[in-house]
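Inspection log for the structure reproduced underneath, given as structure tokens.
Just so it is clear, none of the values below were taken in a lab; they were calculated from the coordinates. Note that the coordinates shown come from a computational prediction; the quantities given were computed from them, not determined experimentally. In this analysis, Cβ positions are derived from the backbone assuming ideal geometry, glycine residues included, and neighbour counts consider all displayed protein chains.
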Amino acid sequence: MRLEFTKMEGLGNDYIYVDAGKYHIDNPQELSKRLSDRHFGVGADGLVLIGPSEVADFRMIMYNADGSEGLMCGNAARCIGKYVLEKGLTNKTVIGLETASGVRRLNLHVAADGTVESVTVDMGRYSIIQRNMVLEAAGRSFSGMHVDVGNPHFVVFVPDAEAEDVAALGPVLENQVPGGINVEFASVRPGGIRMRVWERGSGITLACGTGACATAAAAIEQCLCGSPCSIFMDGGTLEVSVLDGAILQRGPARTVFEGAVFF
């Protein structure tokens, strides 16, 4: 079977996007593992299927690089907004997107040439599950905030996020919570928050939209920053606004290349 795809990234968080209205994929979990491999596949943090929805304009189904299904991804949501407008699947600039965490609203910011420069995603309301969650890794105790923004995050504020061994600590912390949890190491910096992330199912990524939202929420809850808050990640900066428990995130989306694979 020949499968056409589009490789897109939001702040370096890259996924393979497929129009699920055109293709029937029997085993998307295995396909995500195969295509995400950066040596033997296309290379990505996962696979995103864009399909029809009965409750919104479009539906997002996402799979991590290990084949597990994700609940929500802010960077992927922005890329979907760019994809559907520029592919002619819609002419709307405000789009409802069904996700496993509910319907999210996308506001597309369109340039004069018709391309989408950036997207604002209404992430809905966040929930603080536990303010002082303590997890253990590498002989250390990490006290952080368990924040739900449609998927679960463990946000730890440390003196220097750059100094933390995310590759070693991330998988240990991730698996101490049933079902796994995303892990953010964050430090207060002039003008915002520096964050590094370990994503469950994908490992270290250059950016995480929901992680940035969880980090901003945790920072605001602890009076470490105001709103809007700039979250500085390895792949770039995301602007996050928090108002009465609701979160908006605005950032770029970029098409890397298009291609086809046979399977």
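From a point 7 Å beyond the Cα of Ala260 in the direction of its Cβ, which residues of the range 9-25 have a backbone N at a distance under 17 Å?
17-25
Exposure proxy check: Asp66, Asp122 ranked by fewest other beta carbons within 10 Å?
Asp66, Asp122
Please get the size of the charge dipole for the chain, origin at its Cα centre, with Cβ charges of +1 on Lys and Arg and -1 on Asp and Glu, quoted in debye to the nearest 20.
It comes to approximately 280 debye.
Among Phe40, Phe262, rank each residue by its count of other Cβ atoms within 10 Å, from fewest to most, as a rough exposure measure.
Going from sparsest to densest Cβ surroundings: Phe262, Phe40.
State the antiparallel share, in %, of DSSP beta bridges confined to the range 127-244, rounding to the nearest 5.
75
For Tyr23, Tyr15, which order do you get if you count the other beta carbons within 10 Å of each Cβ and list the fewest first?
Tyr23, Tyr15
Using the reciprocal of the averaged 1/r over all distinct C-alpha pairs, how large is the Kirkwood radius of the range 127-244 in Å?
Roughly 13.8 Å, rounded to one decimal.
State the Cα centre-to-centre distance between the range 213-233 and the range 94-109 in whole Å.
22
Would you be so kind as to identify which of Asn91, Ser143, Leu173 lies farthest towards the positive end of the dipole of the chain, taking Lys and Arg as +1 and Asp and Glu as -1 on Cβ and the Cα centre as origin?
Projecting each Cα onto the dipole axis, the largest value belongs to Asn91.
I need the phi-derived Karplus couplings for the range 112-121: 6.51 cos²θ - 1.76 cosθ + 1.60, θ = phi - 60°, integer Hz, Gly and Pro marked x.
5, 8, x, 8, 8, 7, 7, 9, 9, 10
About the Cα centre, and with charges only on the beta carbon of Lys, Arg (+1) and Asp, Glu (-1), how big is the dipole of the range 127-244? Nearest 20 debye, please.
It works out to roughly 80 debye.
The range 21-84 to the range 113-163: how many Å between their Cα centroids?
22
Which value in Å is the Kirkwood Rh of the range 101-144 over different Cα pairs?
That comes to 14.4 Å for the range 101-144.
For the range 58-159, what ratio Rg/Rh do Cα atoms give with a Kirkwood hydrodynamic radius?
1.10
Work the Kirkwood hydrodynamic radius out for the chain: mean of 1/r over every pair of different alpha-carbon atoms, inverted, in Å.
Here the Kirkwood hydrodynamic radius works out to 18.4 Å.
Report ³J(HN,Hα) in whole Hz for each residue of the range 186-203, in order, from the Karplus equation J = 6.51 cos²θ - 1.76 cosθ + 1.60 where θ = phi - 60°; Gly and Pro get x.
10, 9, 6, 10, x, x, x, 10, 8, 9, 10, 9, 10, 9, 4, x, 10, x
Between Ala163 and Ser53, what length comes free when the chain is fully extended (0.36 nm per residue of separation minus the Cα-Cα distance, one decimal in nm)?
35.2 nm
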